[in-house]
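Okay, so here's the structure we're looking at.
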Amino acid sequence: MHISKLTVVNYRNFANTTLTFNKGVNTVIGENGSGKTNIFRAIRLLLDDNMVKSAFKLDDSDFHRGLNDWRGHWIIISLEFDEIGSDEAIQALFLHATGVLENETINKATYNLIFRPNKNVRLKLASLEDGDLQQLTTIRQKIEIDDYETVFTGRSDGNFGHEATYKEIVGDFDQCIFSKEVDDPRIGSRVPTILSLAREVSFTYIQALRDVVAEFHNNRTNPLLALLKSKSGDISEATMTPIVEKVQALNASIESLEDVQTVRKNIRSTINNTAGETYSPKSLSIKSDLPEDADKLFQSLRLFVGESDDGYEGAIHELSLGGANLIFLTLKLLQFKYQIEKKQIANFLLIEEPEAHIHTHIQKTLFDRIDYQDTQIIYSTHSTHISEVSNIENVNILGRRDNKCEAYQPSTGLKPDEIGNIQRYLDAIRSNLLFAKSVVLVEGDAEEILIPILFKKVFGISLDELGVSLINIRSTGFKNIAVLFHDTRIRKRCSIITDLDAAFIDTTHTNGESDADKKYKNKCINAATVGAARKDELDTFSHNNPWISVHYAQHTFEVDFITTGNSENIAALVPQIYIQESTINTAKTEIRSGNIAQYGKRVLTMAENQGKGWFAILLGKTVDHKTKIPCYIRDAIFFSQPNLSTELFFNIYLYRLNCALDCGCIPHALSDNALVSLHEYRAGRINLSALKKSMQTYLQNDQIHTLLASVE
């Protein structure tokens, strides 16, 4: 038996989200604040016996923050299970509690936590006339959190993740339309507390490793103590009796020490001399407090570990952070192994962010090896190294859009060969795209190295600040990765940057041309043919997909970089590449010629001579705020992130203003006026349109106006 689906409605940062899971190992990934911990908490409210009390203590802060008014709405957390076993005890539980009664033998089951208004409130809402918004407001204003109840249900057949179904069951608060049925059968049958599923499964939750040393010092959370307690029940009284007798004898020996008794007498006499006999304690002893029962004896045990080869074993607080975390994780896993030996009806292991302070090799090894038979494991992680080795079919991606979080299943609807291609591509670098807010895919090292530098130097902010991850595909096989971005998979924006490789010379063959010229022209013709075919393919692939946009360099990055107006950046590199003075002069002349046939061939020769990656590194050192960003690169970046915050606009214009001041392009008096406009905009007293207009006055002929013209 395993969880096949989790649906969360109106819970914390989830408005209405569904995650799907498979048998074995599953991964939940996402950026900070995307709701990974809340997803785990939702599962625990249903399956973790330690969380049952919390399920009955939900309050208004647990409602989705995007609701205009939580009053009257429901929180629904629904688990669907698949491959229910044929064991009689399992069938009995689900038949009477949570089964979907399609056949005599239950194969699927649902188990739901519903936090809803009590029946009295639901009756009031059901009695409303359609459209009576005024009376609805009156009723809702009187609803308090004490008017809510928590119920567990099973045998439900309502699709809670479907907005229309939610409105039919709970009500349409915008239109004031409520069903007269206050106990819709689609929510399932109420599960008696005595049949709580949490008591029937083996469930272990390993929390994110924040402060392991504190966990070991707390008897409630100490995993070593938990392990020892689980075993202490197996130790017979006959085994413990001689140990307890030894402890008692040791206590007596310590208490009878002459120095101990002398101190006791001195304390007694000092109290008498100070307070008098009347007010002094009637008796006073110094006793050894070594515990004499099994539980307390176990509490006194401590774990000592050696990390080096010198033979020294230190306490947990002496270990490295990674070492302590690894030990903590190991003990929790052993605790889980002890649990599954009890042979419950199902085994679930939730591990939250196991990568904290742990070496990347250990992260991958842990993920690869933690695979227990008949156990469903769900990880949450920030680690690209764990996501690299995750099966993409078993991944849920959490992302933030506006004021809510969503879950995406990246393999939905893909063919096996497409999934295989993605799996091969997702190494530790490229798997970063699974965590990104938005993505720009590029084909080579030059773009990977230079685009972030260009953007930072021109805008004064990084792509990371913009929320854009630039991923080098290292080929033109963009479709293999871009197929992830789709309405049914990852609903995030993805730009593709690639070269058309159009010829920049006359490729017509002439009589008498040299073999070298003929070969070069044929190379240009072939490259242009391939580039045109690639454009046709990508345009067809991205057609009608709102999440993907393709942007083309007319020729190649290096050639188009000069065409945009950056010849001096390339000319500055010539002395670093050539030695002979005559070649240096010729190369500079060609680079500055304005003739694409000359500068195109020269810059590609220079790049190939150095290697495109190294050439890009050298070129990056010449980039400054005056360097021009090619239009296709600008368009790609601002498709992936079309909206900027007030603070980002402020920072960009302030940066351009300071650059203009530093190079003497604007007098200080004008700069002061520009600063006034910037602060007015930041304070909300003028809008973006007014700011752009004023900045055109202060920063005349600055490329930033063109770059930001279409950005909101």
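Looking for whichever is assigned to a helix (DSSP H, G or I) and either more than 29 Å from residue 558 (Cα to Cα) or of a type in the set (S, T, N, Q) (or both) here; the options are 689, 710. Which one fits?
Of the residues listed, the single one that is assigned to a helix (DSSP H, G or I) and either more than 29 Å from residue 558 (Cα to Cα) or of a type in the set (S, T, N, Q) (or both) is 689.
Might you check whether a residue that is surrounded by fewer than 16 Cβ atoms within 10 Å (Cβ to Cβ), modelled with pLDDT under 95 and in contact with a Leu (Cβ under 8 Å, 6 or more places away or on another chain) occurs anywhere in the range 72-84?
no
From 140, 116, which residue is in contact with a His (Cβ under 9 Å, 6 or more places away or on another chain), at pLDDT 95 or above and closer than 19 Å to residue 73 by Cβ?
116
Being at pLDDT below 70, assigned by TED's automatic domain parsing to the domain that holds residue 240, outside any strand (DSSP E or B) and surrounded by 13 or more Cβ atoms within 10 Å (Cβ to Cβ) is true for just one of 292, 307. Which residue is that?
307 is the lone residue from the list that is at pLDDT below 70, assigned by TED's automatic domain parsing to the domain that holds residue 240, outside any strand (DSSP E or B) and surrounded by 13 or more Cβ atoms within 10 Å (Cβ to Cβ).
Among 424, 474, which is the only one that is farther than 30 Å from residue 16 by Cβ, among the basic types (Lys, Arg) and assigned to a loop (DSSP other than H, G, I, E, B)?
474
For the subset of the range 175-185 comprising residues that are surrounded by fewer than 14 Cβ atoms within 10 Å (Cβ to Cβ) and within 37 Å of the chain's Cα centre (by Cα), which member is farthest from residue 76 (Cα to Cα)?
The residue in question is 175.
Here is a check on your reading of the model: is residue 698 surrounded by 17 or more Cβ atoms within 10 Å (Cβ to Cβ), at pLDDT 95 or above and either over 19 Å from residue 462 (Cβ atoms) or in the same structural domain as residue 557 (by TED's automatic domain parsing) (or both)?
Considered against the rule, which asks whether it is surrounded by 17 or more Cβ atoms within 10 Å (Cβ to Cβ), at pLDDT 95 or above and either over 19 Å from residue 462 (Cβ atoms) or in the same structural domain as residue 557 (by TED's automatic domain parsing) (or both), residue 698 comes out as no.
Among the residues of the range 598-617, which ones are under 38 Å from the mean Cα position of the chain (by Cα) and surrounded by fewer than 17 Cβ atoms within 10 Å (Cβ to Cβ)?
611, 613, 614, 617
Go through the range 452-476 and give me each residue that's farther than 22 Å from residue 499 by Cα and buried (at least 22 other Cβ atoms within 10 Å of the Cβ).
458, 459
Residue by residue through the range 395-421, note down the ones that are assigned to a loop (DSSP other than H, G, I, E, B) and among the hydrophobic types (A, V, I, L, M, F, W, C).
Listed by number, the list holds a single entry, 414.
Considering the range 504-520 alone, what residues qualify as being loosely packed, with under 10 Cβ neighbours inside 10 Å and either assigned to a loop (DSSP other than H, G, I, E, B) or of a type in the set (Val, Ile, Thr) (or both)?
508, 510, 511, 512, 514
Kindly indicate whether residue 216 is surrounded by 13 or more Cβ atoms within 10 Å (Cβ to Cβ), of a type in the set (Phe, Trp, Tyr) and either part of a loop (DSSP other than H, G, I, E, B) or at pLDDT 75 or above (or both).
Taking the combined requirement at face value, the residue does not satisfy it.
Just a yes or no: is a residue in the range 370-393 surrounded by fewer than 20 Cβ atoms within 10 Å (Cβ to Cβ), assigned to a helix (DSSP H, G or I) and either aromatic (Phe, Trp, Tyr) or at pLDDT 85 or above (or both)?
Looking for residues that are surrounded by fewer than 20 Cβ atoms within 10 Å (Cβ to Cβ), assigned to a helix (DSSP H, G or I) and either aromatic (Phe, Trp, Tyr) or at pLDDT 85 or above (or both), one finds at least one in the range 370-393, hence yes.
Given (1) surrounded by fewer than 14 Cβ atoms within 10 Å (Cβ to Cβ); (2) modelled with pLDDT under 90, identify the lone condition not met by residue 417.
Status for residue 417: all satisfied but (2).
Scan the range 659-675 residue by residue and report those that are part of a helix (DSSP H, G or I) and either at pLDDT 95 or above or closer than 25 Å to residue 628 by Cβ (or both).
659, 660, 661, 662, 670, 671, 674 - these are the residues of the range 659-675 that are part of a helix (DSSP H, G or I) and either at pLDDT 95 or above or closer than 25 Å to residue 628 by Cβ (or both).
Taking the range 423-436 as the region of interest, how many residues are within 18 Å of residue 494 (Cα to Cα) and under 19 Å from the mean Cα position of the chain (by Cα)?
9
Within the range 558-608, which helices (runs of 4 or more DSSP H) (wholly inside it) include 3 or more residues that are hydroxyl-bearing (Ser, Thr, Tyr) and either in contact with a helix residue (DSSP H, G or I) (Cβ under 7 Å, 6 or more places away or on another chain) or without any contact (Cβ under 8 Å) to a residue 24 or more places away in the chain (or both)?
Because the criterion is at least 3 residues that are hydroxyl-bearing (Ser, Thr, Tyr) and either in contact with a helix residue (DSSP H, G or I) (Cβ under 7 Å, 6 or more places away or on another chain) or without any contact (Cβ under 8 Å) to a residue 24 or more places away in the chain (or both), the helices (runs of 4 or more DSSP H) in the range 558-608 that meet it are 581-591.
Can residue 47 be described as modelled with pLDDT of 90 or more, of a type in the set (A, V, I, L, M) and under 12 Å from residue 407 (Cβ atoms)?
The answer is no for residue 47.
Results for (1) in contact with an Asp or Glu (Cβ under 9 Å, 6 or more places away or on another chain); (2) within 19 Å of residue 29 (Cβ to Cβ); (3) in contact (Cβ under 8 Å) with a residue 12 or more places away in the chain, shown as yes or no for each residue.
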site	(1), (2), (3)
405	no, yes, yes
422	no, yes, yes
433	no, yes, yes
438	no, yes, yes
443	yes, no, yes
465	no, no, yes
476	yes, no, yes
480	yes, no, yes
484	no, yes, yes
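Of the residues 37, 7, which single one is at pLDDT 95 or above and either outside any strand (DSSP E or B) or more than 18 Å from residue 207 (Cα to Cα) (or both)?
7
Just to be sure before I move on: is residue 264 at pLDDT 70 or above and either in contact with a Phe, Trp or Tyr (Cβ under 6 Å, 6 or more places away or on another chain) or not hydroxyl-bearing (Ser, Thr, Tyr) (or both) in the structure I sent?
Judged against the criteria, residue 264 is a match.
When the range 13-34 is examined, which residues are found to be within 15 Å of the chain's Cα centre (by Cα), assigned to a strand (DSSP E or B) and more than 11 Å from residue 161 (Cβ to Cβ)?
26, 27, 28, 29, 30
The values are calculated or read from the model by the stated rules, or taken from the named source; none is laboratory data. All figures in this text were calculated on a predicted structure; none of them were measured in a lab. Using ideal geometry, Cβ is built from the backbone for each residue, glycine included, and neighbour counts are taken over all protein chains shown.
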